[in-house]
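Asker: This is the structure I want to talk about, given as structure tokens.
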Amino acid sequence: MKIIMLGAPGAGKGTQAKMIAQSYKLPHISTGDIFRANIKEGTDLGKEAKTYMDEGKLVPDELTVRILLDRVAKGDCKDGYVLDGFPRTIPQAEVLEKELEKLGDKVDYAINVDVPDENIINRMSGRRACLKCGATYHIKHVPPKKEGICDVCGSELVLRDDDKPETVKKRLDVYHEQTQPLIEFYTKRDVLKTVNGNADPKDVFAAIKEILD
Ligand code: ADP
Ligand code: ADP
Ligand code: ZN
């Protein structure tokens, strides 16, 4: 099963993608996590990606597509995957479609996690991320067991540089301009499913399960 997650920054794509991955035994692939891991390691890719990410802009398609195609070519992806944060532009979606076509394959579900813009800024300022293992928390809605510490790996949690309110506003604009058109793209392919993301995470997941089962 090949699933992609759509939705504004902070809509809960990552939270849901992890639950899907665990429940359906699929790899969870987040382009944002791949970029952040590279930034942490100080690679050239990380250095380039950071200049865009810090400004709330998208990393150029060419670079992003290369990273993603490398990742999905790995053995663990042969029976499917959950893509979280890719595609984010029409050209990215077109490349993915072409690559899958070569294999006689296609995206099975595009799950659109819908949350109004008003709720996004609050969610992002409360988000805390573990840069070591990619786990995400929310100080109010999804708190870690011990304040400031990752439940999974014990590392320190941080407010991402790009989750500060000024950058979030910019990211929302970028979302509406460049990513939202994917809703129509996948509607035309008859794979779009929208869920209300403005509910408790486990209720959002129940709605997704209903679609996938
Ligand atoms: P969020 O969890 O808020 O949706 P991500 O972790 O998915 O954010 O992405 C963080 C940043 O990484 C984006 O703002 C963008 O700069 C970059 N990025 C991630 N995925 C892509 C992509 N598919 N295309 C371009 N840039 C991307
Ligand atoms: P995305 O990957 O779309 O950027 P995340 O999954 O990282 O979004 O979620 C953004 C923030 O909102 C995180 O702090 C997360 O813990 C929190 N969150 C996720 N889902 C919900 C929800 N259904 N209700 C409230 N907060 C949520
Ligand atoms: Zn961790």
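The values are calculated or read from the model by the stated rules, or taken from the named source; none is laboratory data. As the structure is a computational prediction, the values presented were derived from the model and not from experiment. All Cβ positions, glycine included, derive from the backbone under ideal geometry; neighbour counts span all protein chains shown.
Asker: When you go through ILE4, ILE20, ILE34 one by one, which is the residue that is touching a Leu at 6+ places or on another chain (Cβ under 6 Å), touching a residue at least 24 places away in the same chain (Cβ under 8 Å) and surrounded by 19 or more Cβ atoms within 10 Å (Cβ to Cβ)?
Answerer: Result of the check over ILE4, ILE20, ILE34: ILE4.
Asker: Any idea which residue in segment 166-175 is farthest from ligand 2 (Cβ to nearest atom), counting only those that are at pLDDT 95 or above and buried (at least 16 other Cβ atoms within 10 Å of the Cβ)?
Answerer: Among those that are at pLDDT 95 or above and buried (at least 16 other Cβ atoms within 10 Å of the Cβ), it is VAL174.
Asker: Would you mind stating whether ARG123 is of a type outside the set (Gly, Ala, Ser), within 13 Å of ligand 1 (Cβ to nearest atom), out of contact with any helix residue (DSSP H, G or I) (no Cβ under 8 Å at 6 or more places or on another chain) and under 23 Å from LEU58 (Cβ atoms)?
Answerer: yes
Table: residues versus (1) surrounded by 15 or more Cβ atoms within 10 Å (Cβ to Cβ); (2) away from ligand 3 (no atom under 16 Å from the Cβ); (3) under 22 Å from LYS57 (Cβ atoms).
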| residue | (1), (2), (3) |
| --- | --- |
| PHE86 | yes, yes, yes |
| LEU103 | no, yes, no |
| VAL107 | yes, yes, no |
| LEU131 | yes, no, yes |
| LYS145 | no, no, no |
| GLY154 | no, no, no |
| LYS164 | no, yes, yes |
| GLU177 | no, yes, yes |
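Asker: Also, quick follow-up: Run down VAL72, VAL95 and say which single residue is surrounded by 12 or more Cβ atoms within 10 Å (Cβ to Cβ), at pLDDT 95 or above, of a type in the set (Val, Ile, Thr) and under 25 Å from LYS40 (Cβ atoms).
Answerer: Checking each option against the conditions leaves just VAL72.
Asker: Exactly one condition in (1) within 14 Å of ligand 1 (Cβ to nearest atom); (2) aliphatic (A, V, I, L, M); (3) out of contact with any Phe, Trp or Tyr (no Cβ under 7 Å at 6 or more places or on another chain) is not met by VAL72; state its number.
Answerer: (3)
Asker: Just need a number here: residues in segment 181-197 that are surrounded by 15 or more Cβ atoms within 10 Å (Cβ to Cβ) and in a loop (DSSP other than H, G, I, E, B).
Answerer: The number of residues fulfilling the criteria is 2.
Asker: Mind checking which residues of segment 75-92 are over 15 Å from the mean Cα position of the chain (by Cα) and at pLDDT 95 or above?
Answerer: Result: GLY75, ASP76, CYS77, GLY80, ILE90, PRO91.
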